[in-house]
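The values are calculated or read from the model by the stated rules, or taken from the named source; none is laboratory data. All figures in this text were calculated on a predicted structure; none of them were measured in a lab. Note: ideal-geometry Cβ built from the backbone for every residue, glycine included; neighbour counts use all protein chains shown.
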Amino acid sequence: MKPRARRTKIIATLGPATDNGTMLYQLIKAGVDVVRLNFSHGKPEHHLERAKKVREIAKELGREVAVLVDLQGPKIRIASFEKGEAILRAGERFILDASLGDYDGDDQRVGIDYKQLPQDVHAGDTLLIDDGAIVLRVVSVNGASIETLVVEGGVISNNKGINRLGGGLSAASLTEKDIKDIKTAAQIDADYIAVSFVRSAADILQVRDLIKQNNFDASVVAKIERAEALKVLDSIIEASDAVMVARGDLGVEIGDSQLPSAQKKIIQRARALNKIAITATQMMQSMIHNPIPTRAEVFDVANAILDGTDAVMLSAETASGDYPEKVVDAVVRACLGAEQDRNAQISKHRLELDFTKIDEAIAMATMYTANHLHVQAIVALTESGSTPLLMSRIRSGIPIFALCRHEKTRSKMALMRGVYPIAFDVTKQSRDDLNPNSIAELENRNLVKKDDTVILTKGDYMGVHGGTNAMKVVKVGAVV
């Protein structure tokens, strides 16, 4: 295993394009850290098979690759048209009718899958179809029928999503399908579960209960894509293990002009609350059909990194695009370029605050020392991954090698910025041999060399969760 300079993690969505030949192998070899299984598409057996292949390839390559299951959430969509599509013209009336048949839509009206929509909207509301391509203003609501005025028209096809400008749709975040899909996630033994259309911390707690009921260990990602989620952002982040800036639906609900500042706020609050941040949607959209990214896309990835994101996520670019491997290569290059910026390596995180936990104080002291001393690596002996997570909240150019005996914990740490998990069993080391053997593990992997300065963190009691209480600065090759 060679040291990887890239600190930002890459999430790739799997799909038909990654099922092609050796493509999945090539993506993981190219640097994918987390694979996303999008449960809005595909059958359970397909997801199970993909997860199995990912773990086989990761083991073959000596990599830690996490599996993220992304729940579909509520289907807030129109139904279908008799002819497959319709043309809406600005200035004309168009009706959304909850009582209409699934395939009875035409140029005047269409059914809706989300039957509660007439109760959620009022005259004057703005409805956005197909990520805002079609704009409708509500004129009146009569029973199951919503009469609208077409503000922005165009061709509209089957099953396009509906958003209300400003948010406020009452659809529950978790559906019956999601509850079934969590059972499939348990079979997969997913490392992360992403919850769509989160409204409050209660949605996250409900998913945690379902994970517990299904007897598996998955961390929970809150997808921030509803306008109302921004009003209770901190409570959602605190209830979650990670948050995703889901810029598609969020941008539609709050408006594109508000999206950049929202992204920065979500990432900043996640880092301040010691949680993981993911930036998603259209990161390399043009590469679905083009072999090179636009300059704007490279800037987008770089800006997310400078904002402090832990990971960037690819969707259709890898799931169904023409150039999955080239997309990953392009993101790797963009990450490496952005991470050379001084602002990506300097942090004042929590310097002015008091600490309530010993392991947090050790993590902060370690990163402060590392950033102000000529240190080549940080070695964190960890059980739960909490100390490396706390360390990764500090911007730095120094790799954090997390030595851990638990496979599940190592997989989860694959999503943490600047953290590189390594299999190492502290319980098989004597107290006297623990320090030299942990450094020797890195030497054997060519991750450090003689005379490198390394910071080592550990707890007095080996194999105890949350017990990190010591840091030591050592020279590789010296007595440790």
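Of the residues Gly91, Gly105, Gly101, only one is more than 35 Å from the chain's Cα centre (by Cα), surrounded by 18 or more Cβ atoms within 10 Å (Cβ to Cβ) and of a type in the set (Gly, Ala, Ser); which? First the steps, then the outcome.
Working: Gly91 fails: surrounded by 18 or more Cβ atoms within 10 Å (Cβ to Cβ); Gly101 fails: surrounded by 18 or more Cβ atoms within 10 Å (Cβ to Cβ).
Exactly one residue qualifies, and that residue is Gly105.
The test for being outside the structural domain of Asp203 (by TED's automatic domain parsing) and over 26 Å from Gly255 (Cα atoms) holds for Ala144. Of the listed requirements (1) part of a loop (DSSP other than H, G, I, E, B); (2) touching a strand residue (DSSP E or B) at 6+ places or on another chain (Cβ under 7 Å), Gly132 misses just one: (2).
Within region 206-217, is even one residue modelled with pLDDT of 95 or more, aromatic (Phe, Trp, Tyr) and in contact with a Ser or Thr (Cβ under 6 Å, 6 or more places away or on another chain)? Before you say what the answer is, go through the steps one by one.
The first filter runs over region 206-217 and keeps only residues modelled with pLDDT of 95 or more, leaving 206-217.
Of the ones still in play, those that are also aromatic (Phe, Trp, Tyr) are 216.
From the residues that got through so far, the ones that are in contact with a Ser or Thr (Cβ under 6 Å, 6 or more places away or on another chain) too are none.
No, region 206-217 has no match at all.
Just so you know, in region 1-32 the residues that are in a helix (DSSP H, G or I) and charged (D, E, K, R) include one that is farthest from Asp189 (Cα to Cα), and it is Lys29.
Here is a yes/no grid of residues against (1) at pLDDT 95 or above; (2) in a strand (DSSP E or B):
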position	(1), (2)
Pro74	no, no
Gly91	yes, no
Phe94	yes, yes
Ser99	yes, no
Asp102	no, no
Lys115	no, no
Ala123	yes, no
Leu127	yes, yes
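Entry remark, region 241-269: residues being β-branched (Val, Ile, Thr), part of a helix (DSSP H, G or I) and free of Cβ contacts under 8 Å to residues at least 60 places away in the same chain number 2 in total.
Can you find a residue that is in contact with an Asp or Glu (Cβ under 6 Å, 6 or more places away or on another chain) and part of a helix (DSSP H, G or I) anywhere in region 33-55? Give the derivation first.
First, the residues of region 33-55 that are in contact with an Asp or Glu (Cβ under 6 Å, 6 or more places away or on another chain): 36, 38-39.
Now restrict to residues that are part of a helix (DSSP H, G or I): none.
Within region 33-55, none of the residues are in contact with an Asp or Glu (Cβ under 6 Å, 6 or more places away or on another chain) and part of a helix (DSSP H, G or I).
The set of residues in region 186-195 that are closer than 19 Å to Ala280 by Cβ and either out of contact with any helix residue (DSSP H, G or I) (no Cβ under 8 Å at 6 or more places or on another chain) or free of Cβ contacts under 8 Å to residues at least 40 places away in the same chain (or both) contains only Ala194.
Restricting region 212-268 to residues that are within 28 Å of Asp125 (Cβ to Cβ) and of a type in the set (Ser, Thr, Tyr), the residue that is surrounded by the fewest Cβ atoms within 10 Å (Cβ to Cβ) is Ser257. Selection of region 280-327 for residues being small (Gly, Ala, Ser) and part of a loop (DSSP other than H, G, I, E, B) yields Gly308, Ser315, Ser320, Gly321.
May I ask you to verify whether Ala277 is under 30 Å from Thr387 (Cβ atoms), touching a helix residue (DSSP H, G or I) at 6+ places or on another chain (Cβ under 6 Å) and in a helix (DSSP H, G or I)? For Ala277, the condition - under 30 Å from Thr387 (Cβ atoms), touching a helix residue (DSSP H, G or I) at 6+ places or on another chain (Cβ under 6 Å) and in a helix (DSSP H, G or I) - is not met. Against the test of being closer than 29 Å to Pro421 by Cβ, surrounded by fewer than 22 Cβ atoms within 10 Å (Cβ to Cβ), in contact (Cβ under 8 Å) with a residue 12 or more places away in the chain and hydroxyl-bearing (Ser, Thr, Tyr), the options Tyr114, Tyr25 yield a single qualifying residue, Tyr25.
Return yes or no: is Val69 hydrophobic (A, V, I, L, M, F, W, C), buried (at least 20 other Cβ atoms within 10 Å of the Cβ) and in contact with a Phe, Trp or Tyr (Cβ under 7 Å, 6 or more places away or on another chain)? It is true that Val69 is hydrophobic (A, V, I, L, M, F, W, C), buried (at least 20 other Cβ atoms within 10 Å of the Cβ) and in contact with a Phe, Trp or Tyr (Cβ under 7 Å, 6 or more places away or on another chain).
Just give me the residues in region 170-194 being buried (at least 21 other Cβ atoms within 10 Å of the Cβ) and in contact with an Asp or Glu (Cβ under 6 Å, 6 or more places away or on another chain), in sequence order. Scanning region 170-194 gives Ser173, Ala194.
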